[in-house]
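Inspection log for the structure reproduced underneath, given as structure tokens.
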Amino acid sequence: NVENELEMATTRNYYDIGGDLARPSMLSVKSPLECCNACSDHPLCTSWSFFQLNDTNSNPLPPWLIPGCTLKGSAPESSVPLLGAYSGKVLMHGLKPNPANELIAFEIPRPSAPRAIIFHGTSCFYRNESITFYKRDVNTILIGRYMVERSEFAGGFTNDEFYVAHCAGLMDEVWVPTEWHREVFSVFMQQMGLQAPMIAVVPEAVDTNLFNPFEDVAIANAELSTQCVYQTTSSSKHCHIREESGSIMCNNPTDRFVFLSVFKWEHRKGWDTLLTAYWDAFTAMDQVELQIRSYLPSSDRNGDKNITRQIERYALSSRGKPLHELAAVVWLAGSISRSEMRDLYKQADAFVLSTKGEGWGLPVAEAMAMALPVIVTNYSGPTAYATVDNAYLIALHDPPNHLDELSYCRPNEKHLTKLMRQVIIDSTTSHLVEEWIQEKESNDSSVIQCTVSVWKGLLARKTMRETFSAVSVVSSIVDRLRVHAYRRGWVF
């Protein structure tokens with residue numbers, strides 16, 4: 001039984017839970033000596049404890065005290081008086097055994113197994129992890145997974161920015177999602193008076209399997225030109241701009257050209273810029289609709305959680321009109337699943353986010369994975385994946401007016417207005433795409449039913465699949481961990 005349980009413990013997957021590793025209990029082990037031997041035979045065991053139920057244990061046991069032989073990790077300090085025996089690693093922390101119990105311990109504590117601890121956001125600060133202890137452990141790699149949303153800090157730092165800088169200074173390496181962040185972090189740490197650790201670019205990942213516009217596997221694996229013709233010809237919605245009036249009309253009176261935007265309702269997301277540009281671009285007579293999936297962040301305790309009311313107030317204050325007299329805007333409220341989120345992207349004709357600063361921009365990446373034409377600010381996180389070839393990039397206001405009072409960027413509303421109309425024009429324009437296909441992919445001059453906006457969307461999905469899928473990002477992570485492993489002489 002001991003051998004069987006040891007084999008199960010050896011093959012078990014271990015997970016880091018709040019800094020402690022899961023500890024399998026081996027009930028077949030009957031003595032501290034057997035427990036010590038079991039730990040010695042376990043390739044991952046760094047410490048052990050043994051506790052046996054008997055008549056002398058009259059007090060109720062705390063829920064975290066596990067009977068039997070516990071491998072992989074020291075017991076909580078408060079449990080020591082109850083333990084019959086435990087390993088030298090516990091003693092190394094200065095804890096004293098119960099004199100009435102037998103003690104068997106390693107004379108020299110075993111070194112901890114190689115591991116990497118990755119801290120996200122401000123977790124190192126809020127969780128009060130023992131960073132200094134980990135830092136002295138050569139067998140532990142400390143990684144900080146950090147990002148910021150702006151590049152200027154002359155007006156000071158937010159609390160979260162201060163916490164991130166504090167944590168970053170304690171790490172062996174900081175992972176940032178883009179080259180933009182690498183440059184910003186170098187300056188950021190200097191301005192905080194901290195020594196910058198190694199900074200590596202490790203992008204975020206997008207689930208390109210879930211966020212996949214193609215249900216037909218053959219189409220999903222086809223050439224871009226085939227996908228483009230399929231996307232263009234399979235759509236039953238055809239909207240265009242009338243030459244004589246400039247209004248937006250769709251062939252079906254009930255259809256609308258749908259712009260989707262997904263974001264947290266706060267200043268940084270540029271919702272005011274989005275509404276201003278959208279109402280400048282379209283009127284209540286146009287067959288368009290702006291769908292906003294948003295929510296009020298928990299930090300805004302006094303804000304109106306009904307986003308529709310906030311939009312109505314902004315319509316009155318900025319336009320002097322009630323919402324129903326302007327181009328249609330719909331707030332999408334409530335919780336939805338990831339698959340329902342995929343369906344939401346699928347029903348849209350274009351995605352737009354006039355953000356003033358992004359760490360990464362997951363909804364943008366998801367929309368691009370869904371091959372949607374994407375309109376996004378040419379600043380911060382999205383610059384890692386959104387280009388003039390695969391997206392519509394919103395320009396900033398010219399310096400010195402390119403930053404607002406909080407040092408976030410200022411997207412140009414007039415340029416966004418132009419781009420929103422351009423997407424509709426491009427949804428019916430095909431001649432440029434013919435040239436791209438002939439130049440970049442094939443010499444097939446018969447490809448004629450493919451639009452500019454669809455082609456951009458497909459190039460966007462191609463970017464996500466090739467560079468930002470889970471497989472690609474994991475490869476980047478392994479490369480960085482291999483660097484640290486080699487430095488420590490580990491076999492990786």
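Can you name the residue in region 337-367 that is over 18 Å from the mean Cα position of the chain (by Cα) and open to solvent by 30 Å² or more (accessible area, probe 1.4 Å) and, of all such residues, is farthest from Val454 (Cα to Cα)?
Across region 337-367, the extreme among qualifying residues is Glu340.
List the residue pairs whose Cβ atoms are under 9 Å apart, where the first residue sits in region 179-190 and is in contact (Cβ under 8 Å) with a residue 12 or more places away in the chain, the second is in a helix (DSSP H, G or I) and open to solvent by 40 Å² or more (accessible area, probe 1.4 Å), and the two are 6 or more positions apart or on different chains.
Within 9 Å, the pairs are Glu179/Thr383; Glu179/Ala384; Trp180/Thr383; Trp180/Ala384; His181/Ala384.
Quick check, is Met249 touching a strand residue (DSSP E or B) at 6+ places or on another chain (Cβ under 7 Å) and either surrounded by fewer than 12 Cβ atoms within 10 Å (Cβ to Cβ) or at pLDDT below 95 (or both)? Break it down stepwise before answering.
Values: touching a strand residue (DSSP E or B) at 6+ places or on another chain (Cβ under 7 Å): yes; either surrounded by fewer than 12 Cβ atoms within 10 Å (Cβ to Cβ) or at pLDDT below 95 (or both): yes.
Answer is yes for this residue.
Can you name the residue in region 217-235 that is in contact (Cβ under 8 Å) with a residue 12 or more places away in the chain and surrounded by fewer than 17 Cβ atoms within 10 Å (Cβ to Cβ) and is also nearest to the chain's Cα centre (by Cα) among such residues?
It comes out as Glu223.
Within region 301-321, can you find the residues that are among the aliphatic types (A, V, I, L, M) and either touching a residue at least 12 places away in the same chain (Cβ under 8 Å) or outside any helix (DSSP H, G or I) (or both)?
Within region 301-321, the subset among the aliphatic types (A, V, I, L, M) is 307, 311, 315-316.
The answer is Ile307, Ile311, Ala315.
Conditions: (1) in a loop (DSSP other than H, G, I, E, B); (2) of a type in the set (A, V, I, L, M, F, W, C); (3) open to solvent by 40 Å² or more (accessible area, probe 1.4 Å). Met171 meets all but one. Number of the miss?
(3)
For region 464-489, how many residues meet the condition of being within 17 Å of Val176 (Cα to Cα), assigned to a loop (DSSP other than H, G, I, E, B) and among the small types (Gly, Ala, Ser)?
Selection size over region 464-489: 1.
Assess whether Asp160 counts as being part of a helix (DSSP H, G or I), of a type in the set (D, E, K, R) and out of contact with any Gly (no Cβ under 7 Å at 6 or more places or on another chain). Don't jump to the end; show me each part of the working.
Details: part of a helix (DSSP H, G or I): yes; of a type in the set (D, E, K, R): yes; out of contact with any Gly (no Cβ under 7 Å at 6 or more places or on another chain): yes.
When the stated conditions are applied, Asp160 passes them.
Six or more apart or on different chains, Cβ atoms under 7 Å: show the pairs whose first residue is in region 322-333 and part of a loop (DSSP other than H, G, I, E, B) and whose second is polar (S, T, N, Q).
Final answer for the pair search is Ala327/Thr283.
For Trp265, only one of the following conditions fails: (1) under 17 Å from Thr451 (Cβ atoms); (2) open to solvent by less than 20 Å² (accessible area, probe 1.4 Å). What is its number?
The failed condition is (1).
Kindly indicate the residue of region 186-212 that is over 18 Å from the mean Cα position of the chain (by Cα) and open to solvent by less than 20 Å² (accessible area, probe 1.4 Å) and also nearest to Arg342 (Cα to Cα) among those meeting that condition.
The extreme case among them is Phe188.
For Gly155, are the conditions met, namely being open to solvent by 30 Å² or more (accessible area, probe 1.4 Å) and either in a loop (DSSP other than H, G, I, E, B) or in contact with a helix residue (DSSP H, G or I) (Cβ under 8 Å, 6 or more places away or on another chain) (or both)?
On the way: open to solvent by 30 Å² or more (accessible area, probe 1.4 Å): yes; either in a loop (DSSP other than H, G, I, E, B) or in contact with a helix residue (DSSP H, G or I) (Cβ under 8 Å, 6 or more places away or on another chain) (or both): yes.
When the stated conditions are applied, Gly155 passes them.
When the residues of region 283-299 are filtered to those that are at pLDDT below 95 and either in contact with a Leu (Cβ under 8 Å, 6 or more places away or on another chain) or open to solvent by less than 60 Å² (accessible area, probe 1.4 Å) (or both), which remaining residue is farthest from Glu325 (Cα to Cα)? First the steps, then the outcome.
Keep residues of region 283-299 that are at pLDDT below 95, which gives 295-299.
Next, from what is left, pick out any that are either in contact with a Leu (Cβ under 8 Å, 6 or more places away or on another chain) or open to solvent by less than 60 Å² (accessible area, probe 1.4 Å) (or both): 296-297.
Values: Leu296: 25, Pro297: 29 Å.
Filtering first and then ranking leaves Pro297.
Check region 391-412 and report whether any residue there is open to solvent by less than 40 Å² (accessible area, probe 1.4 Å), among the polar types (S, T, N, Q), in contact with a helix residue (DSSP H, G or I) (Cβ under 6 Å, 6 or more places away or on another chain) and modelled with pLDDT of 95 or more.
No, region 391-412 contains no residue that is open to solvent by less than 40 Å² (accessible area, probe 1.4 Å), among the polar types (S, T, N, Q), in contact with a helix residue (DSSP H, G or I) (Cβ under 6 Å, 6 or more places away or on another chain) and modelled with pLDDT of 95 or more.
From Ile477, Ile424, grab the single residue that is open to solvent by less than 70 Å² (accessible area, probe 1.4 Å), at pLDDT 95 or above and aliphatic (A, V, I, L, M). Outline the logic, then answer.
On the way: Ile477 fails: at pLDDT 95 or above.
Of Ile477, Ile424, the one residue that is open to solvent by less than 70 Å² (accessible area, probe 1.4 Å), at pLDDT 95 or above and aliphatic (A, V, I, L, M) is Ile424.
The values are calculated or read from the model by the stated rules, or taken from the named source; none is laboratory data. It should be emphasised that the depicted structure is a prediction, and the values quoted were computed from it without experimental measurement. Cβ sites come from the backbone with ideal geometry, for glycine too, and all protein chains shown count toward neighbours. SASA here: full protein model, heavy atoms, side chains in, ligands and nucleic acids out. Shrake-Rupley method; radii C 1.70, N 1.55, O 1.52, S 1.80 Å.
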